[in-house]
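Undergrad: Got a structure for you, written out below as C-alpha cells; questions coming shortly.
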Amino acid sequence: MSVAQTENLNIVAVDHMPSPEEIKARVPLTERAAASVLAGRRALADILDRKDKRLFVVVGPCSIHDPVAGLDYARRLKKLADEVADTMVLVMRVYFEKPRTATGWKGFINDPYMDDSFRIDEGMEKARRFLMDVCEIGLPTATEALDPIAPQYYGDLISWTAIGARTSESQTHREMSSGLSTPVGFKNATDGDLDVAINAIISASRPHSFLGISGKGQSAILRTRGNRLGHVVLRGGGGRPNYDTVSISLAEQALAKAKLPVNIVVDCSHANSWKKAEFQPLVMKDVIHQIREGNRSVVGLMIESFIEAGNQSIPADLSQLKYGCSVTDACVGWDTTDEMIRNAAGVLREALANRGVPA
Ligand SMILES: O=C[C@H](O)[C@H](O)COP(=O)(O)O
Ligand SMILES: C=C(OP(=O)(O)O)C(=O)O
C-alpha cells in the first residue's frame, strides 16, 4: 500500500538552476570591476566610520528592466560622479528584486523578459552581466537583497546593500546581512516603525549560523562573522515622512540609546515623498539644508531616478515600452537628477568643512 503524498502538493515543477559557480564562470569578475567594488566599499566604510566627510548617494532607477537604458544611465551617472566627487560618493541603484505589496512584476532576475516566462536562470546571468558592466564603467553599485540565496550569485559586484521596509524584521534577512561583504542599510518598516531597523542592525552585527547554499549550489550551513557596517535608512511610512528635523533627532536618540553609531541615510522617495517622484528634490533640499545647519548624523541619501521622469505600466506588447522610464515606482528624470545632485554638491562644498564625528 503506498503512503499518501504529503509534500509538494502546491509545487508544479522543479527546474534546474545553475550554481553560483557556474554563473560566475560564465561572467567572471574582472580586475577593473573588482577595483570599482572595493573602492566603493572602502569609501562607504570610511563615511560610516567618519574618516571621510562626504555623503554617499544611492541613485538610480527603481528597478532595472532594460540593460541598454540602464547602461546609458550608468554612463551619465559616472560623468556626474566624477564632477561631484569632492562632496559625494555616487553609488548606482541597481535593483533587480522587487518586493511587492501584493502582486506585480518581481524584477529582472525573476522575470527578465517581463512575459511571465520566469527564466530566473537567464535573469541571474543577465543581472550579473549588467552589474559587471556598471562596475567596469567605474561606478559602485547598490542593490536590495531580497532572496537570501541570490547574493551568492552577484555579491562580489555590490558595494552597498539595502534590506527593504518589508524585510528588515525578517530573521532570514538579518542572518544574510551578517554575512554580506558590503555595508547594509536597513529600512524602517512600511508603518514607519524604526525599531525593526535598529534591531536588525544589532542582529546583523552578530555572528549567525543558518541554512544557505554553497558556491556549488549545495545546501550548506553558513557561519558568519557579523557585519559591523549596518545603518538605518529612513523612508517614511504609516502615512507620514520621517526626514524632518524632529524625526531625524528621534532616530539619532534611538540609535544612541541602542549604543549604535549614529549613521542615518534618508530615502528621498517612497513614503518620504508620498510616492510622488516630483517631491524628491524637495526632500533632498531639506536634508541638505539640515546638514548646512549643522546636522552630523545624515551620512547618505537615496534617490529613485532614471532617464525619463515618471513611470509606465508594462505593456502586453513590449515594443511599446517607453525608453528609460521606470516600470515600477515613478522616478525623477535625468535632468532633475543632475540638478538635484549639483545643487547639493554646491551647498555641501562649504557645509562639509564643519563636519566631524557626531557627539
Ligand atoms: O520601490 C518599490 C516599491 O515601492 C515596492 O516594490 C512596492 O511596490 P508595490 O507597492 O507597487 O508592490
Ligand atoms: C522597495 C523599496 O523600498 P522600500 O523597501 O522602502 O519600500 C525600494 O527601494 O525599491
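The values are calculated or read from the model by the stated rules, or taken from the named source; none is laboratory data. Model, not experiment: these values are computed from the prediction. Using ideal geometry, Cβ is built from the backbone for each residue, glycine included, and neighbour counts are taken over all protein chains shown. Only protein heavy atoms, including side chains, enter the accessible area calculation; ligands, DNA and RNA are left aside. Shrake-Rupley method; radii C 1.70, N 1.55, O 1.52, S 1.80 Å.
Undergrad: Determine the gain in length on full extension of the stretch K51-H16; use 0.36 nm per residue of separation and subtract their C-alpha separation, reporting nm with one decimal.
TA: On the way: separation 35, 0.36 × 35 = 12.60 nm, distance 4.60 nm.
Stretched fully, the K51-H16 segment lengthens by 8.0 nm.
Undergrad: A follow-up question, please. Report the charge-dipole magnitude of the chain in Debye, nearest 20, computed about the Cα centre from +1 at each Lys and Arg Cβ and -1 at each Asp and Glu Cβ.
TA: In total the dipole reaches around 1180 debye.
Undergrad: While we're looking at this one, here's another question. Length gain on complete extension for the stretch S181 to A4, per 0.36 nm per residue less the alpha carbon to alpha carbon distance?
TA: Full-extension gain reported as 59.2 nm.
Undergrad: Roughly how many debye, to the nearest 20, is the charge dipole of region 185-242 about its Cα centre, given +1 on each Lys and Arg Cβ, -1 on each Asp and Glu Cβ, and no other charges?
TA: With Lys and Arg at +1 and Asp and Glu at -1, about 320 debye.
Undergrad: Which value in deg cm²/dmol, rounded to the nearest 500, describes the helix-derived mean residue ellipticity at 222 nm for the chain, given -39,500 (n - 2.57) per DSSP H run of n ≥ 4 and division by the residue count? List each step's numbers first, then the result.
TA: Values: 10 runs with 127 residues, N = 359.
After summing the helix terms and dividing by residue count, I get -11000 deg cm²/dmol.
Undergrad: Report the one residue of A258, A309, V246 whose Cα lies farthest in the direction of the positive end of the charge dipole of region 241-332 (charges on C-beta: Lys and Arg +1, Asp and Glu -1; origin at the Cα centre).
TA: Sorting the options by dipole projection puts first A258.
Undergrad: Hey, another quick one. In debye, nearest 20, what is the charge dipole magnitude of region 313-357 about its Cα centre with +1 on Lys and Arg Cβ and -1 on Asp and Glu Cβ, if you could check?
TA: About 220 debye.
Undergrad: Can you list the DSSP H helices in the chain whose Cα atoms extend at least 20 Å along the helix axis and whose mean Kyte-Doolittle hydropathy is -1.0 or higher?
TA: Helices passing the filter in the chain: 31-48, 67-83, 120-137, 334-351.
Undergrad: Let me ask another. Which GluC sites (Glu not before Pro) in region 282-359 pass both tests, a DSSP loop state and at most 13 other beta-carbon atoms within 10 Å? Before the final figure, lay out each step's value.
TA: On the way: sites: E293, E304, E308, E339, E350; in loops: E293, E308.
Of the GluC sites (Glu not before Pro), the ones in loops of region 282-359 whose Cβ has at most 13 other Cβ atoms within 10 Å are E293.
Undergrad: Write down the accessible area per residue of the chain in Å², having rolled a 1.4 Å probe over the full set of protein chains.
TA: With all protein chains present, the chain gives 46 Å² per residue.
Undergrad: Taking a ≥ b ≥ c as the square roots of the Cα gyration tensor eigenvalues, with a/c under 1.5 meaning rounded and otherwise prolate when a/b beats b/c, else oblate, which class fits region 73-193?
TA: oblate
Undergrad: Full extension from I221 to R342: what is 0.36 nm times the residue separation minus their Cα-Cα distance, to one decimal in nm? Don't jump to the answer; show the numbers that get you there.
TA: Numbers: separation 121, 0.36 × 121 = 43.56 nm, distance 4.65 nm.
The I221-R342 span can extend by a further 38.9 nm.
Undergrad: For the chain, give the percent of accessible area contributed by carbon and sulfur heavy atoms, probe 1.4 Å, rounded to a whole number.
TA: After summing per-atom areas, the C and S share lands at 51 percent.
Undergrad: Among T328, P281, L71, pick out the residue whose Cα is farthest towards the positive end of the charge dipole of the chain, where Lys and Arg carry +1 and Asp and Glu carry -1 on C-beta, about the Cα centre.
TA: P281
Undergrad: Under the classification rounded if a/c is under 1.5, otherwise prolate if a/b is larger than b/c and oblate if not, where does region 176-324 fall, given a ≥ b ≥ c as square roots of the Cα gyration tensor eigenvalues?
TA: On the way: a/c = 2.36, a/b = 1.11, b/c = 2.13.
Note, shape of region 176-324 comes out oblate.
Undergrad: What is the ratio of the Cα radius of gyration of region 1-86 to 2.2 N^0.38 Å, with N the residue count, to two decimals? If you can, show how the numbers build up before the last one.
TA: Working: Rg = 21.7 Å, N = 86, 2.2 N^0.38 = 12.0 Å.
Taking the Cα Rg and dividing by 2.2 N^0.38 Å, one obtains 1.82.
Undergrad: Then there is this: Quick one: which residues, 5+ away or cross-chain, put their amide H under 5 Å from the amide H of L301? H built at 1.01 Å from N.
TA: Those qualifying (amide H under 5 Å, at least 5 residues apart or on another chain) are F56, V57, V58, V266.
Undergrad: Now for a different question. As an exercise, identify the trypsin sites (Lys or Arg not before Pro) in region 47-134 lying in DSSP coil whose Cβ has no more than 12 other Cβ atoms within 10 Å. Write out the running numbers ahead of the final one.
TA: Working: sites: R50, K51, K53, R54, R75, R76, K78, K79, R93, R100, K106, R119, K126, R128, R129; in loops: R50, K51, K53, R54, R100, K106, R119.
For trypsin sites (Lys or Arg not before Pro) across region 47-134 that sit outside H, G, I, E and B with at most 12 neighbouring Cβ atoms in 10 Å, the list reads K51, R100.
Undergrad: If R0 is 30 Å, what FRET efficiency do you get for E83 and D193 from their C-beta distance, rounded to 0.05?
TA: 0.20
Undergrad: Could I get the Rg over Rh figure for the chain? Both from C-alpha atoms, Rh via Kirkwood, rounded to two places.
TA: On the way: Rg = 20.0 Å, Rh = 20.7 Å.
Radius of gyration over Kirkwood radius for the chain works out to 0.97.
Undergrad: Compute for region 242-359: radius of gyration divided by Kirkwood radius, i.e. Rg/Rh, restricted to C-alpha atoms, rounded to two decimals.
TA: Taking Rh as the inverse mean 1/r over Cα pairs, Rg/Rh reads 1.07.
Undergrad: Still on this structure, please answer the following. Run the simple label-point estimate for S214 and D286 please: 7 Å along Cα→C-beta, distance reported in nm.
TA: It works out to 5.1 nm between the two label points.
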